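Only one structure is covered here, and it is reproduced in the block below.
The values are calculated or read from the model by the stated rules, or taken from the named source; none is laboratory data. Since we're looking at a predicted model, the values are computed, not measured. Methodologically, a virtual Cβ is constructed for each residue, glycine included, from the backbone with ideal geometry; neighbour enumeration extends over all protein chains shown. Side chains are part of the model used for accessible areas, which takes the heavy atoms of the whole protein and leaves out ligands, DNA and RNA. Shrake-Rupley method; radii C 1.70, N 1.55, O 1.52, S 1.80 Å.
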Amino acid sequence: MLELVLVLGDQLSPELSALRNADPGRTRILMAEVQGEVRYAPHHAKKLAFIFAAMRHHAEALRSKGFAVDYVTLDDPDNSGTLSGELERASIRLGRPPVRITEPGEWRVRAEIDTWASARTVELTWLEDDRFLCSTAEFQRWAKGRKGLRMEHFYRVMRRRHDLLMEAGEPAGGRWNFDPDNREPLPPPLARAPIAQPMQFRPDAQTEAVLDLVRRTCPDAFGDLEPFWFAVTPTAARRAFAHFLRKGLPLFGDHQDAMASGEDFLYHAVISIYLNAGLLDPLACCRAAEDAWRNGSAPLNAVEGFIRQILGWREFIRGIYWLAMPGYAEENALDADLPLPAFYWSGDTGMRCLAQTVAGIRRNAYAHHIQRLMVTGNFALLAGLEPKAVCDWYLGVFADAYEWVELPNTLGMALHGDGGLFASKPYAASGRYIDRMSDYCQGCRYDPSDATGEQACPFNYLYWDFIARHRQRFEKHPRMAMIYRNLTRQKPERVQRMRELAAIARADPDAL
Ligand code: FAD
Ligand code: DLZ
Ligand code: SF4
């Protein structure tokens, strides 16, 4: 009997569960580029191009295996504009066959398709997305009854279960976590070895056609469409990852928290774009990193740090999303309500750390973790920007952003908007942290050691204003007691001056 399989734009894995028992004789595959998905967030032009180019290459690969793929392009005049609309058209065309879909990465998409199916006599089967290493049901079992949800505890379970970096039942090197070794700032340019850039790929004819499509149909999309250099096939993504293993992994650990002017990628892998769309397999990446340690080409602190990001954080964050949705997206525990400043789009601000980070995002649809957390995220937290506006921005501007991974990271980790569901205290930091971990402050119009003067760094007074504003909530927190003691020790006139400066900055952040 004929069956219809919908493959979404972030389900481009050859081993996708919905395709596992597919048979070219009876399986019809549907893939659709639709305006509804283009417009639900303010997507970066490079992200749109990446998704459509990877989708088209995937459709070709499936056809070469003998499958019939109904591929609907964005500019097809009959395109209904939504995923459910395209399902409806295909379902009618094929005589209402049963439909199989691997669970999507967003609650919104699942709800849309469920609504479509339940209003018709369509047999719809959702298949688990087993590209993840922990199912949503397993995560819920793990989380049940726990007082605090801590990534570190989850990570240890995952290390044992997948036998990664384990030796005779114990963690390799005698420690589960080498994070304390991973906080070295970068040496100055003349004292460091050149940093390798991520592997870049020249667009082929298929990708050029997509670039033309994005130029024509989404002329107002944020960010630079070109140069477009992402991998758009699993083979190319594996080459990019192999390049990282050789060039980036050995120093990934030491400088994981560093930031540097003009260095958009440092020693990061730049693979989330590929992992999240299905071009790379997370377990294979972890095993390859472990091999690099076992054969002596990368040190343990780097390899453990890297594996923890994928096996630990990535899986944990996804578990949190499905545990806490749908109410999670509405949370705003700190009552933050300021609109997003225009400089989040333009980069036009005197705060050099933010200007540099946004400029990199405009170029690449990418920023590394510390820029996302401690620059754009930290400013949003300290200033009290409205979580929905901030989350929308994160969901749009990063090529690796889908709600399952963007929302807990932004709302939970960066903004503390979930009241600390999994982050015990807010990641709030003053300009001194940014100064220690980067060279951004050199050449900035503000002074990271000043909190009250003409040149005072906005992160400094916004930090103390944040601490004072949320005194009631955090004062009793054992890990914040010292900060509140420090606040109390400061002269009242100084605190008042910082709060005045913060009020001015919060009233018009674009003037900074
Ligand atoms: P590396 O630093 O080289 O790390 C290797 C891999 O580990 C990444 O590719 C990623 O798959 C995984 N990883 C690391 N940290 C996390 C994390 N906290 N959550 C999930 N996976 C992680 N990541 C996304 O994939 N999509 C997002 O939309 C996203 N939004 C974020 C928003 C905020 C506010 C913050 C603080 C973090 C966000 N992250 C997101 C996590 C992390 O910043 C990115 O995964 C990472 O920067 C991707 O770059 P990379 O591939 O070079 O990562
Ligand atoms: C993000 C995205 C975009 C921009 N466009 C499409 C599309 O046209 N067709 C499609 O199937 N998927 C697209 N996606 C990815 C979906 O939004 C994604 O499946 C959900 O965000 C769930 O993770
Ligand atoms: Fe950012 Fe402050 Fe440093 Fe300027 S001085 S780069 S605003 S932290």
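Summed over the residues of region 343-511 and divided among them, the accessible surface reaches 39 Å² per residue at a probe radius of 1.4 Å. Taking each of Lys388/Lys476; Lys46/Lys425; Lys65/Lys247; Lys47/Lys388 in turn, the alpha-carbon distance tops 26 angstrom for Lys388/Lys476; Lys46/Lys425; Lys65/Lys247. Spacing of the modelled spin labels on Glu167 and Tyr427, each 7 Å from Cα toward Cβ, amounts to 3.1 nm.
Taking the inverse of the mean 1/r over every pair of distinct Cα atoms in the chain gives a Kirkwood hydrodynamic radius of 24.3 Å.
Simple point charges give the picture: +1 on the Cβ of Lys and Arg, -1 on the Cβ of Asp and Glu, and for region 216-274 a dipole about the Cα centre of about 440 debye.
Average accessible surface for region 232-335: 32 Å² per residue, computed with a 1.4 Å probe over protein heavy atoms with every protein chain in place. Taking a ≥ b ≥ c as the square roots of the Cα gyration tensor eigenvalues, region 167-249 comes out prolate, since a/c reaches at least 1.5 and a/b is larger than b/c. If R0 is taken as 25 Å, the Cβ-Cβ distance between Asp114 and Asp335 corresponds to a FRET efficiency of 0.15. Electrostatic tally near Leu340: other residues with Cβ closer than 9 Å to its Cβ, Lys and Arg +1, Asp and Glu -1, net -2. For Phe201, the shell of other residues with beta-carbons less than 14 Å away shows a net charge of +1, using +1 for Lys and Arg and -1 for Asp and Glu. For region 134-213, with equal point scatterers placed on the C-alpha atoms only and solvent neglected, what are the log10 I(q)/I(0) values from the Debye formula at q = 0.19 1/Å, to two decimals? Computed log10 I(q)/I(0) values: -0.90. Among beta bridges from DSSP that stay inside the chain, the antiparallel ones total about 15%. Rounded to 0.05, the FRET efficiency of the Asp348 and Asn177 pair, given R0 = 41 Å and the Cβ-Cβ distance, is 0.55. Note that region 206-246, at 4 °C in a medium of 1.567 mPa s, gets a Stokes-Einstein diffusion coefficient of 109 µm²/s from its Kirkwood radius over C-alpha pairs.
Once the Cα atoms are used to define both axes, helix 107-118 deviates from the longest principal axis of the chain by about 30 degrees. Charge dipole of the chain (Cα centre as origin; +1 on each Lys and Arg Cβ, -1 on each Asp and Glu Cβ, all else neutral): 1340 debye, rounded to the nearest 20.
Overall shape: oblate for region 343-511, with the ratio a/c of the largest to smallest alpha carbon gyration tensor axis at 1.5 or above and b/c at least equal to a/b.
Measuring r between the beta carbons of Lys147 and Gln200 and using R0 = 41 Å, the FRET efficiency lands at 0.30. Taking the centroid of alpha carbons for each part, region 419-453 and region 111-145 are 40 Å apart. Counting only Cβ charges, +1 for Lys and Arg and -1 for Asp and Glu, the dipole size of region 3-127 around its Cα centre is about 140 debye.
In region 343-511, the portion of solvent-accessible area held by carbon and sulfur atoms comes to 48 percent [1.4 Å probe, whole percent, DNA, RNA and ligands not counted]. Here the spin labels are modelled as points 7 Å beyond Cα on the Cα-Cβ line, and at Lys247 and Leu190 they lie 2.5 nm apart.
Note on Arg471 and Thr488: their simple-model spin labels are 1.0 nm apart, each label 7 Å out from Cα toward Cβ.
Stretching Glu226 away from Glu138 to a fully extended chain increases their span by 27.5 nm, per 0.36 nm per residue minus the current alpha-carbon distance. Within the shell defined by Cβ-Cβ distances under 13 Å, the residues around Pro492 carry a net charge of +3, with Lys and Arg each +1 and Asp and Glu each -1.
Between the listed residues Phe67, Val99, Ala54, the Cα displaced farthest toward the positive end of the dipole of region 3-127, a dipole computed from Cβ unit charges relative to the Cα centre, is found at Phe67. Reducing region 5-47 and region 279-330 to their Cα centroids gives an inter-centroid distance of 24 Å. Per residue, the chain reaches -12500 deg cm²/dmol at 222 nm when only DSSP H runs of four or more residues are counted, each adding -39500 (n - 2.57).
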